[in-house]
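Report on one structure; see the data block that follows.
All of the numbers you see were taken from the coordinates with simple rules; none came from a lab. As the structure is a computational prediction, the values presented were derived from the model and not from experiment. A quick note on method: Cβ atoms are made from the backbone with ideal geometry, for glycine too, and the neighbour counts reach across all protein chains shown.
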Ligand SMILES: Nc1nc2c(ncn2[C@@H]2O[C@H](COP(=O)(O)OP(=O)(O)OP(=O)(O)O)[C@@H](O)[C@H]2O)c(=O)[nH]1
Ligand SMILES: [Mg+2]
Ligand SMILES: [Zn+2]
């Protein structure tokens, strides 16, 4: 990512794209060609801007490193999965699916556990001890964990994803107090309900770009994307480690004999909940393939 030289979309709302340029943020429409090709520009896209009838328009999207459906964002380096110890309680399946999608798209997943002041996040963190996925416990009040996150933000594009109410906006405000983001408490006073962050928006934070995103309900997870069943094993770093060691080539690591992954599971080298998520996502991918045919 080069924040100095490239124009990038900060936010897209209602057919308008806000593009950060050397001359400030421009409000742009997109050229009709995108709709014809069914390409939607998203936050994080690096773009070329032209003037059409006196107004700036997004004329071209530069090649993407990756693009996510949920949340909609492109060119992601760090995919932070924010979970809270309580209210809402974390789901291992949702967390594992998001992290697998991140790995599959060549982004670095990082799990962040908030609300450690209300309940210890140690138990949830322990599930990832062998996963190879970094876990950071934060406490916005004491500042614990914030520096570890800041160190990952510099020079890259990061996104905070996770359920509504886990504290993504609160965390971003703690990292960069002058942002003044809307969080749950404030909106409750205004009687607007819990879904406080409405759009994916990029902010310049700690020498990088960070996207705050609207939280999702766990039910939305089906639309987050599906990883091909053949590729799924590579999206779980602790499973990928055993690739090529099973008796059968093309082993699904579900029911075959001589499976190195199942042996590692029995030895305790792979977390039980992680393996359960793998099998759930494998079955999902299998059904999805049938749908497609
Ligand atoms: N006790 C405690 N409360 C927290 C912490 N982090 C966030 N909260 C509270 O949790 C509520 C939701 O926080 P938000 O930051 O708005 O959550 P969000 O993930 O941005 O939610 P959406 O924008 O709806 O996706 C607010 O009332 C916060 O004050 C924490 O570490 N400890
Ligand atoms: Mg928010
Ligand atoms: Zn196997």
Legend entry - In degrees, nearest ten, helix 272-292 long axis to first principal axis of the chain (Cα): 70 degrees
Inset, instruction - Quickly work out the residue 22-to-residue 123 label distance, labels modelled 7 Å from Cα along the C-beta direction, and quote it in nm with one decimal. - result: 5.6 nm
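What shape does the chain have by the C-alpha gyration tensor, where a ≥ b ≥ c are the square roots of the eigenvalues, rounded means a/c under 1.5, and otherwise prolate means a/b greater than b/c and oblate the rest?
In terms of gyration-tensor shape, oblate.
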Inset, instruction - Could you calculate the contour length gain from residue 51 to residue 217, that is, 0.36 nm times the residue separation minus the distance between their Cα atoms, to one decimal place in nm? - result: 55.8 nm
Inset, instruction - Go ahead and estimate [θ] at 222 nm for the chain from helices alone: -39,500 (n - 2.57) per DSSP H run with n ≥ 4, summed, over the residue count, rounded to 500. - result: -7500 deg cm²/dmol
Inset, instruction - Report, in degrees rounded to the nearest 10, the 0 to 90 angle that the Cα long axis of helix 92-104 makes with the longest principal axis of the chain. - result: 70 degrees
Inset, instruction - Compute the FRET efficiency between residue 288 and residue 40 as 1/(1 + (r/R0)^6), taking r as their Cβ-Cβ distance and R0 = 25 Å, and round to the nearest 0.05. - result: 0.70
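Compute the relative contact order of the range 67-220 as a whole-number percentage, counting only Cα pairs closer than 8 Å that sit 6 or more residues apart in sequence.
Over the range 67-220, the number comes to 24 percent.
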Legend entry - Percentage relative contact order, the chain, counting C-alpha pairs under 8 Å, at least six apart: 16 percent
Legend entry - Residue-span extension gain [residue 256 to residue 154] - 0.36 nm each, minus C-alpha spacing: 32.3 nm
Inset, instruction - Could you grab the relative contact order for the range 226-292? Cα pairs under 8 Å, six or more apart, rounded to a whole percent. - result: 38 percent
Inset, instruction - For the chain, with a Gaussian network of springs between Cα atoms less than 10 Å apart, report the residue from 78, 163, 116 with the top mean-square fluctuation. - result: 116
